[in-house]
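All remarks here apply to the structure that follows.
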Amino acid sequence: MSDLKIVVAGAGGRMGAANIRAVAATPGMTLHAALVRASSTVLGKDACLQAGLDPLDVPFSADTETALIGADAIIDFSAPLVSVDLAQKAAERGLIHVIGTTGCSAAEDWAIAQAGHNGARIIKAGNFSLGVSLLAGLVKKAAAALADYDIEIVEMHHNGKVDAPSGTALMLGQAAADGRGLDLAEQSVRGRDGQTGPRRAGTIGFAALRGGTVVGDHSVILAGPSERIELTHRAQDRSLFANGAVRAVQWAQNQPPGFYDMADVLGLNE
Ligand SMILES: NC(=O)c1ccc[n+]([C@@H]2O[C@H](COP(=O)([O-])OP(=O)(O)OC[C@H]3O[C@@H](n4cnc5c(N)ncnc54)[C@H](OP(=O)(O)O)[C@@H]3O)[C@@H](O)[C@H]2O)c1
């Protein structure tokens, strides 16, 4: 069987480099193209060399149409508008599209899900790590079991992150809301400042810290009378997410078109 041909989008970014390394390290996969912005400073340079590997003669490119010719899958950790556009192109071509991009609006998420109904195999997750997927399951159970405990979600990321709360924090918030049968949009409280009044019962609070090179720390705190439970995950290295993205591509090979998440990949939804 020939290798799966992978297009990495957002290839010039931190996750882009990790994804290029993960694809190169995976038997049965080949880097087919590395997409960056037309204004990117790495345009035309060898993508593997830039990611710390031996050169492979795949230069960074901004030509999406050409990049997708002959491709099997896209691994895309970029920006919401890029991911929406690529999802539509993946649907037209019946491709696998693994999306790690966070910060999508509800309309952007809807457009991406539609692509999954129109021929693409989309796997989108706010966090591609195995540990976080398991943590979400634990949070759902804890939220249901300790139904009257206050839930607060605290996350910290590097100083270059552009969206808050993180996609992972929102995913954990959704797990907590699911555990209690709540609508997260109605119950979520995003940061507090000034005369906020006492905490409204049943809400799920989010706080975002930014600094240094932190890859991603998340804590879900359940605070009750005289006790507090903290469920914490700390990512140490971006290869964690890239390995999950590669695993998602492998899983999607045998799936029909649709819109999936990491829990599907790990069999946690069965
Ligand atoms: N789901 C997960 O497990 C997970 C894990 C880590 C990160 N993420 C998410 O993945 C995304 C990328 O993270 P990162 O740390 O790699 O960020 P980053 O280092 O800032 O890289 C972002 C990449 O996207 C490109 N990009 C941004 N806006 C673009 C646009 N309008 N058109 C084309 N390309 C554009 C950037 O291009 P330039 O190089 O030209 O600026 C860059 O290559 C973020 O949304 C982040 O939250 C998800």
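The values are calculated or read from the model by the stated rules, or taken from the named source; none is laboratory data. These numbers were taken from a predicted model, which means no experiment stands behind them. Don't worry about glycine lacking a Cβ; one is built from the backbone with ideal geometry, like all the others, and counts go over all protein chains shown. Just the protein is used for accessible areas: all its heavy atoms, side chains included, with ligands, DNA and RNA removed. Shrake-Rupley method; radii C 1.70, N 1.55, O 1.52, S 1.80 Å.
A compact table of results
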quantity: Positions within region 209-231 being open to solvent by less than 30 Å² (accessible area, probe 1.4 Å) and either within 14 Å of the ligand (Cβ to nearest atom) or modelled with pLDDT under 95 (or both), in sequence order; calculated: VAL215, GLY216, HIS218
quantity: Matching residues in region 132-158 - criterion: being within 28 Å of ARG247 (Cα to Cα) and either in a strand (DSSP E or B) or open to solvent by 30 Å² or more (accessible area, probe 1.4 Å) (or both); calculated: LEU134, GLY137, LEU138, LYS140, LYS141, ILE153, VAL154, GLU155, MET156, HIS157
quantity: Matching residues, region 166-206, being in a strand (DSSP E or B), of a type outside the set (Lys, Arg) and in contact (Cβ under 8 Å) with a residue 24 or more places away in the chain; calculated: ILE204, GLY205, PHE206
quantity: Residue within region 66-73 that is part of a loop (DSSP other than H, G, I, E, B), within 12 Å of the ligand (Cβ to nearest atom), at pLDDT 95 or above and surrounded by fewer than 21 Cβ atoms within 10 Å (Cβ to Cβ) present; calculated: no
quantity: Residues of region 1-58 that turn out to be near the ligand (Cβ under 8 Å from one of its atoms), assigned to a strand (DSSP E or B) and open to solvent by 30 Å² or more (accessible area, probe 1.4 Å), as a count; calculated: 0
